[in-house]
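Inspection log for the structure reproduced underneath, given as structure tokens.
Readers should treat all values here as calculations from the given coordinates under stated rules, not as data from a laboratory. Please read all numbers here as calculations on a predicted model, not as lab measurements. With ideal geometry, Cβ positions are generated from the backbone for all residues, glycine too; neighbour counts draw on all protein chains shown.
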Amino acid sequence: MLDGTNPFVRFRNVQKSYDGETLVVKNLNLDIEAGEFVTMLGPSGSGKTTCLMMLAGFETATHGEIELGGRPINNIPPHKRGIGMVFQNYALFPHMTVSENLSFPLKVRGMSAGDIQDKVTRALDMVQMRVFGDRKPAQLSGGQQQRIALARALVFEPELVLMDEPLGALDKQLREHMQYEIKHIHENLGVTVVYVTHDQSEALTMSNRIAVFDDGVIQQLDDPVTLYEKPENSFVAQFIGENNTLTGTIESLTGNVAKVKLEAGDSVKALAVNTDGKGSRTSLSIRPERCVVSPKKVAGLGMLKGRIEELIYLGDHIRCRMNVAGNDEFIVKVPNTADQLGLEIGAESYVGWQTDDCRALDFKQV
Amino acid sequence: MDAAQPITAADGTPLKKKLAQAMFRSKLRATGLVVPLLAFVLASFVFPIIALMWQGVYNDTFERLMPNLTEELRVWDGVSEPTEDMYAMLVADLRQNRADKTIGKVASRVNQELAGTRSLFTSTARKAKKLEPPYKESVIKTKKKWGELKVWQAMKLTNQSLTPGFYATSLDAVQTVDQGFVMKEDKRQIYTKLFVRTLMISGSVMLLCLLLGYPVAYLLATLPLRYSNLLMIMVLLPFWTSLLVRTTAWIAILQSQGVVNDLLVWIGITGDDSRFSLIYNMTGTIIAMTHILLPFMILPLYSVMKTIPPSYMRAARSLGATPTRAFIKVYMPQTVPGIGAGGLLVFILAIGYYITPALVGGQDGQLISNMIAYHMQKSLNWSLAAALGGLLLGGVLVLYWAYDRIIGIDNMKLG
């Protein structure tokens, strides 16, 4: 099915509009390799679910092509695509038992009763739900229903499984547990998974690659580490993890180091990642855990003066909110170490960072 | 805490008693809110029903108005020759009833039991004053029929105030003095045929409503809000129109010179001289009743379908089911509570329908309710009307019970 050169799933110039006036998905290009776990991450209304529905066949692309295993599938109805899908509300058929739910996709494929029995048992074992085969979905807890939904999407051995915010309805602890379970099932079976969520920690935990959606466009497509460490634009920097933003104008560019004059008047050095060159405005992104707070200037770091506004003790670290260069939401995560300086609310202090950790991105008003 | 000791409140009174005291006022208020309606329902619904149902098995007209003869008939074995005493008491009672002007009631009551006896009573009563002993001879002289055994048997049966006779008549059986209940001959059976027809027409109306209503309810539940609102208004529109107007509108449409027939003739499906008879028969009843009862099918179906998320159908399709299969295997089973509720509602309403069949039913489109109305208003045989109504009510209750056993009342959704 796969001929090496073509990716397993390919979106090519895909556009989608519901009303003929606005585009929900704008010119989407996305390649997914076989066996990958790709997450579409973004705020609600960013077009990620629409993309998933187009791939599943429940929505038709207004323009462009979607290919699966090298074949265009735009005109193939959902039931012939052979794609497993897990829905947000599980969508287990309430009038069937768990076993009947699982045998449904096998029955429609005309398998023999013996084969169906085998596969259903194996799928139930995979999610450790064997003893629940005779229950109705309503008699199961949310987590159990989620497991059954997962087993049902996998029981007919699809090569591609789509998941539409499958853990949204679970409580935090169960959600985290299920994240690992889904990750392990993916690793064991080697199926390709396309996962939609608006929860960034979920995306970071499970994915090989994450496509960050906003406004119908993929803002950045990268593995979790790159995405967190090296955001390409202000939206990604702010959407993934915690982030401090300072705005300013680029005074000069030397190689990829930019000297930025902040709106408050100070000048700092930053790594020019996504700017329009000298004279343009830029948003600087600095992760809270990459900052140091020090009463004196430290050599080799970009340093700014700030005032400590709030201290929150969190055990492993102290969350320090400062007013830096006019931004009073500047967060620094101070590790809880023995030589930890005595921070005090209201104290004037320096805050500093490595030039590489301060990324100059496209300007975005905060 | 000691398990055997009842739990007590802080002041030492048992907790249960304390709770009852605390709840008393709110219970009193809740009861007070319900009392007016309860009284109204009891007075206007429960009591009349019981009173009328009682008439179906109890009619003391004869016993009350012919007290002397009653005594004699009670000891009579029903097959031997009537005695002189019986004739004497007959004459005495007839005289009294003539004087009280109640002879008509007696005559009607016996006439219900044995047709053609009305004039027997009225004419003999007129002459009763002048009759002299031996009464047997003189009475038979006024009307020869008085000598027939079956007249006396009819009177003996009528004399039984608490009687299964009306229910027997409702089932086309005849009560006899000596042979128990005997079915009427086939071509004289009216009521059983009418019951069967009522069930058939109600069943057809229910099925037609389901067939026509299901797709509409599906559309209502799945269309975007602004379209579904418009559609809902169109579904509800008939509710805001008088039943009489709707029924007469069907007369205008379906009659042989009506819109439908004109159209069919114009298209050439039928000739001008062989127009279809679409009204004043069973077809007319079914068409008009289906139209009128359709909303009662659509609304429960809609309320059930609205709660079925579209993801079920999507899940079924992603699992490999064709749209048809997904619909039949996944969607339809979930609408069963709506089908049950709508079907039961339409069927029960149809079974007791009166105005529409009366107006458009003609001869073979009449339902049992039309016969009940006839006995209430024309023949004034209220006991028979009550018995027919009792059977109808019993039938509905049996259906309800069967529904509960098969589908479960809890599953029913009415909106």
Show which lysines lie in cross-link reach of residue B:16 when reach means a straight Cα distance below 20 angstrom and same-chain residues fewer than eight apart are skipped.
-> B:27
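Given charges of +1 on the Cβ of Lys and Arg and -1 on the Cβ of Asp and Glu, with all other atoms neutral, how large is the dipole of the protein assembly as shown about its Cα centre, in debye to the nearest 20?
The dipole of the protein assembly as shown has a size of about 3300 debye.
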Order of A:119, B:145 - criterion: other Cβ atoms within 10 Å of each residue's Cβ, fewest first = B:145, A:119
From the cross-link list A:16/A:136; A:48/A:172; B:136/B:378, which pairs have alpha carbons spaced over 28 Å apart?
-> A:16/A:136; B:136/B:378
Once phi is turned into ³J(HN,Hα) by the Karplus curve 6.51 cos²θ - 1.76 cosθ + 1.60 with θ = phi - 60°, what whole-Hz value does each residue of region A:38-45 show in order, with x for glycine and proline?
-> 10, 10, 9, 10, x, x, 5, x
Please give the net charge around residue A:331, taking every other residue with its beta carbon less than 12 angstrom from that of residue A:331, where Lys and Arg add +1 and Asp and Glu add -1.
-> -1
Once a ≥ b ≥ c are taken as the square roots of the eigenvalues of the Cα gyration tensor of chain B, is the result rounded (a/c under 1.5), prolate (a/b larger than b/c) or oblate (a/b not larger than b/c)?
-> oblate
With an 8 Å cut-off on Cα pairs and a minimum separation of 6 or more residues, tell me the relative contact order of chain A in percent.
-> 15
So for R0 = 25 Å, FRET eff. of residue B:184-residue B:244 from the Cβ-Cβ r, to 0.05, ends up at 0.10
Can you tell me the FRET efficiency between residue A:18 and residue B:379 if r is taken as the Cβ-Cβ distance and R0 is 56 Å, rounded to the nearest 0.05?
-> 0.25
Between residue A:217 and residues 5 or more places away or on another chain, which pairs have amide H atoms under 5 Å apart, with H built 1.01 Å from N, and which residues are they?
-> A:26
For the protein assembly as shown, build the convex hull from the C-alpha positions and give me its volume per residue in Å³.
-> 341
Rounded to the nearest 10 degrees, the helix B:191-222 long axis (Cα) sits at an angle to the longest Cα principal axis of chain B of 10
Ordered by residue, what ³J(HN,Hα) values in Hz, to whole numbers, does region A:265-282 give under the Karplus form 6.51 cos²θ - 1.76 cosθ + 1.60, where θ = phi - 60° and Gly and Pro are x?
-> x, 6, 10, 9, 9, 8, 7, 6, 10, 9, 10, 9, x, 4, x, 8, 7, 8
Counting only residues 5 or more apart in sequence or on a different chain, those whose built amide H sits under 5 Å from that of residue A:163 are A:86, A:194, A:195, A:196
Going by how many other beta carbons lie within 10 Å of each one, how would you line up B:359, B:207, fewest first?
-> B:207, B:359
Please give the helix B:336-351 orientation as an angle from the longest Cα principal axis of chain B, in degrees from 0 to 90, rounded to the nearest 10.
-> 30
Cross-link pairs B:127/B:156; A:269/A:305; B:101/B:127 - those with Cα-Cα distance over 20 Å = B:127/B:156
Looking at chain A, send over the antiparallel percent of its DSSP beta bridges, to the nearest 5.
-> 75
Could you tell me which of A:73, A:132, A:86 has its Cα farthest along the dipole of region A:9-234 towards the positive end, charges placed at Cβ (Lys, Arg +1; Asp, Glu -1), taken about the Cα centre?
-> A:132
For residue A:217 and residue A:172, what does the FRET efficiency come to when R0 = 25 Å and r is the distance between their Cβ atoms, rounded to the nearest 0.05?
-> 0.25
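Give, in nm to one decimal, the length gained when the segment between residue A:115 and residue A:33 is fully stretched (0.36 nm per residue of separation minus the Cα-Cα distance). Walk me through the intermediate numbers first.
Working: separation 82, 0.36 × 82 = 29.52 nm, distance 3.02 nm.
Going from the current span to full extension adds 26.5 nm.
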With Cα atoms, 0 to 90° folded angle of helix B:225-236 axis to chain B main axis = 10
First check a/c for region B:303-374, with a ≥ b ≥ c the square roots of the eigenvalues of its C-alpha gyration tensor; if it is under 1.5, answer rounded, and if not, answer prolate when a/b is larger than b/c or oblate otherwise.
-> prolate
Amide H contacts under 5 Å for residue A:364, restricted to residues at least 5 apart in sequence or on another chain and with H modeled in the peptide plane, are A:283
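Calculate, in nm to one decimal, what residue B:399 and residue B:263 gain on full extension: separation in residues at 0.36 nm each, minus their alpha carbon distance.
44.9 nm
Starting from region B:291-350, pick out the trypsin sites (Lys or Arg not before Pro) whose DSSP state is loop and whose Cβ has at most 16 other Cβ atoms within 10 Å.
Numbers: sites: B:306, B:314, B:317, B:325, B:329; in loops: B:306.
Those that pass, being in a loop and sparsely packed, are B:306.
Taking only DSSP H segments of four or more residues, each worth -39500 (n - 2.57), what value at 222 nm results for the protein assembly as shown once the sum is divided by all its residues, to the nearest 500 deg cm²/dmol?
On the way: 29 runs with 355 residues, N = 781.
-14000 deg cm²/dmol, from helical runs alone.
When a/c reaches 1.5 or more, the comparison of a/b and b/c decides; with that in mind, is region A:200-311 rounded, prolate or oblate per its Cα gyration tensor? Walk me through the intermediate numbers first.
Details: a/c = 2.17, a/b = 1.40, b/c = 1.55.
Judged from the Cα gyration tensor, region A:200-311 comes out oblate (a/c at least 1.5, b/c at or above a/b).
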